[in-house]
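Quick notes on the structure that follows.
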Amino acid sequence: MPPSSPTKIALIGSPNSGKSLLFNRLTGLNQKVANFPGITVDIGAGRSLVDSSTEYLDFPGVYSLKAISGEEKLAVDSFDKALDTGHLDAVICVVDATRLEKGLIFALQVLEACRRHNMPLLIAANMSDVLELHKIPLDTHGLAAALKVPVLSISGKTGIGLEQIPSAIASATAPTEAYAPTGDIITSDDALVHRQAQQLAKQYGPKGDLLINAQTRLDRFFLHSWVGGISFFVIMYLLFQSIFTWAAPIMDGVESLLQVIADLVLARVPAGMASDFIADAMFGGIGAFLVFVPQIFVLTLVVGMLEDSGYLARAAVICHKPLRVFGLTGKSFIPMLSSVACAIPGVYAARTVDSPCKRWLTYLAIPLMPCSARLPVYTLLIAAFIPAQKALGGLIGWQGLAMFGIYVFGIICALLVTAMVSRSSAELRSDLPFVLEMPPYRLPSWRPLLRNAWNRSKHFVTKAGKVIFIVTVVVWLLGYFPNQGASLGDSWLGTLGKWIEPVFAPFGLDWKYGVAILTSFLAREVFVGTLGTLFGIEDADENFVSLSQQIQDSGLPLSSGAALLVFFAIALQCVSTLAVMAKETGSWRLPTQLFVSYSIFAYLAALLTYQLVELLV
Amino acid sequence: MTLWDLTQGTSATISAFAGSIEAGYRTRLSELGFYPGETIACVMAPSLGAPKLYRVNNTVYSLDDSIASMIEID
C-alpha cells in the first residue's frame, strides 16, 4: 500500500448489514442509518478516527453484484469502477453474522471480484453483539481458513472488534483462489454459489433458531389481524402525540428564555431605531421561529427510533394492500413517513421503492405530507384561533384535535392525488412484485439517533435560520422606512404589499399576510418570521406579546385562518425539496410541474375553505 | 400449488418458477434463497391479503401474491 496518499478501504455489503453504522463508528461521521434495507444511497467517504491516513468509503448496500434495478446498477458499477481503476487499497465485505448465509452469498461474489482484481479482502461478521448476548458462537477461524481470507467478528453498534480492523487490513492479501469446497471448478451458477454459502453457514455460522424464533413471535404480534392493526394506529398516534406533549415544555422554556433575554437587552438599548430593530427583526422575527426547534428535534428522534427498531418494514407490509388502492405500494410508506419529519430525507428514501412508476407516484405524495416546517405555521394559527380548552375531562384538547385534523388533511390530499394520477394511465397502474426483507427487531442505538436529531435541528437553525435572518432584515428595512416605523401601511413594504393584496383578498387576508406568504415560498417557516417582524413594527408600544396573541388582536376572521391552514397544507413552498427532487429525478420537469400545480391547488382549496367557513359560521 | 397457497406454520420445497416470471426477478429470488429444491416456511400469513412472510434459512422475506404465486411448490 502506498504510504503517501490515503489508504482507501471500501465497505460493501448487502442492504441492512449494518455497514453505515460501522462506517460511522470508524470515521466518527454521521451517515444516515436505519433498520430498513437500502437506506444508504450515496457513497460516503471519511477518514479513520484512529489513523487519518486511512479513508473509508461506504458503498450503498446491494443484494448482489449482478444488479437488477437502476439504483443497484449505479452502486454495483461504482464499485466495479473503483476496483478497475485501482482506486482502492482493500475491501471490507460486511455481512450480518446473525443471518450468515444471506451475507455469504454476496461475500462469495465479492471474493470472486477481489480475486480477479488482486484486491485484499477482509470479511467483517457484523452484529456479533447480538450473538454474544445470546451466547451463540461463530467460528470465524474456521470460516477464514475455508475462504482463505481474514474474517473478523465485529459490532458496529457496540464497537466490539473494531480495534482489530487496521491490523487485519494491513495483513490481508488478495484472494488467490476461488472458493470451491469440493474441488469442483467454480461456475457462475447461482445455485452452486447458494449451496456453497449454505454449506459454509451450516458449518461455521451460528446454530439454532433462537433469533429467528424471537423475531417470528414479534411478527405474529405486530402483523396479527387485529392486534397488529391496533398497534399500528397506537404507534402512529404516539408518534404524533410525542411531537406535542414531549416538545411542549421545551418550547415553553425556549419562549420564556427568549422573553427574558429580550427584556434584558431592550432595557439596555436606548429607544430608537436600534431598539426597534432588535425588538422587531431579532426577537419578533427570528425568535418566533427558534421556538419550534425543539419540536423538530423530538420528531426526528421519534421517527429515527421507529426506523431503527425494524418496525417500519412491518408497517410497509401492513400498508401494502391499502396503499395499493391509492396507486402506491407498501414500500411508499417509509418515504412518506420520513416526510413527516422532512420531505428531503423522504425524497431520498423513495429510492427504496424499486418500481419506477410507484416511485414517481411516491414523489407526488411526499410534498403533501405534513412536514415539520409546516409545524410552526400550524401551531401559530391554531394557537390564534382554537381555544386552549379541553373536552371529555381533559382527555381531548381542541388544539391537539385541530392539529390532528390538519395533519390528516395533508395525508388525505397526498393519497387522493396519487389515486387520481395513478388511474390516469395504464403504465402507472402497472406494478412490480413486492419483495421486502424483514430486518430483525432491534433496540434503537441512542447515540446515532440523538446525533441525527441534533444535526437536523442544527441544520434547521443554521440553514433555514440564515434565510429567515436575511428575509426578516429585508422585510424590516422595507417596513421601517421611509417613515421610521411610524406607519407600516405607508412604508415601502406597505406600498408593495398593497399591490399584491388583491391576490389574497379573496381569503380575507390583508397585505401583511400576503407578504408573509410570498416570503414563505423560500421555506414555509419564514412565514412566522416575516409575520413576527411585521407585527413588531406595527405594534408601537413594544410590548413583547406572543405572535398568536397579536394575530388574535388583529381581528383576523376564523375563515381566513382556516384558508391559511389549508393553503400551507398543500402548497409546495420549499426550495430545498424542489432542488433535491430535481437531483433525484435528473431533471427540473417534475419539481416544476409539482410546484405550479400544487400552488394552484392550494389557492383554490384555500378559497373554497374560506367560502365554506364563511357560510357555516 | 404455489408458495402463496402455503398456510401459516407450514413448509414446502420449491419445485419450479412459473414460465412467465421475469428473468431479473428469477435471479434475485434465487440470490435471496428462493430456488428449486429449497425448503421454505410460511412464518406468517396476515389476513386481508397482506403480503405473507416466508423464511429462507435465517432470513425472513415478505412477498405479495403477485410474486409468491409465481413460485411453484411440491
When Cβ neighbours within 10 Å are restricted to other protein chains, what is their mean count per residue of peptide B:41-52?
-> 6
Helices from chain A with mean Kyte-Doolittle at least 0.5 and a Cα length along the axis of 27 Å or more, per DSSP H: which?
-> A:247-268, A:398-422, A:589-616
Shape call for the range A:7-208 from the C-alpha gyration tensor, a ≥ b ≥ c root eigenvalues: rounded (a/c under 1.5), prolate (a/b greater than b/c) or oblate?
-> rounded
Partner chain coverage, peptide B:61-72 - average Cβ within 10 angstrom = 4
Positive dipole terminus of the protein assembly as shown, leading residue within A:SER576, A:PHE504, A:SER560 (C-beta point charges) | A:SER576
Can you pick out the pairs among A:LYS66/B:LYS52; A:LYS207/A:LYS358; A:LYS135/B:LYS52 whose Cα atoms lie more than 28 Å from each other?
-> A:LYS207/A:LYS358; A:LYS135/B:LYS52
Trypsin sites (Lys or Arg not before Pro) within the range A:481-527, DSSP loop, no more than 14 other Cβ atoms inside 10 Å = none
Expected 222 nm ellipticity per residue - DSSP helices of 4 or more, -39500 (n - 2.57), all of chain A, to 500 = -18500 deg cm²/dmol
Under the definition of partner shielding as Cβ atoms of other protein chains within 10 Å of a residue Cβ, what is the mean value for peptide A:226-234?
-> 1
Of the listed pairs A:LYS331/A:LYS512; A:LYS73/A:LYS157; A:LYS81/A:LYS463; A:LYS8/A:LYS583; A:LYS8/A:LYS202, which have alpha-carbon separations greater than 31 Å here?
-> A:LYS331/A:LYS512; A:LYS81/A:LYS463; A:LYS8/A:LYS202
Distance in nm between label sites at A:VAL50 and A:ASN118, each 7 Å beyond Cα in the beta-carbon direction?
-> 2.9 nm
Computed E for A:PHE521/B:ASP74 - FRET, C-beta separation, R0 60 angstrom, nearest 0.05 | 0.45
For the range A:536-617, what is the charge dipole size about the Cα centre, in debye to the nearest 20, if Lys and Arg each add +1 at the Cβ and Asp and Glu each add -1 at the Cβ?
-> 680 debye
What is the spin-label model distance, in nm, from A:LYS458 to A:SER599 if the labels are put 7 Å beyond Cα along the C-beta direction?
-> 3.5 nm
Computed label-point distance, nm, for sites A:LEU264 and A:ASP490 using a 7 Å Cα→Cβ extension | 3.9 nm
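No lab work stands behind these numbers, since they all come straight from the coordinates. In this text, all values refer to a predicted model and were calculated from it rather than measured experimentally. FYI the Cβ positions are ideal-geometry reconstructions off the backbone, even for glycines, and counts take in every protein chain you see.
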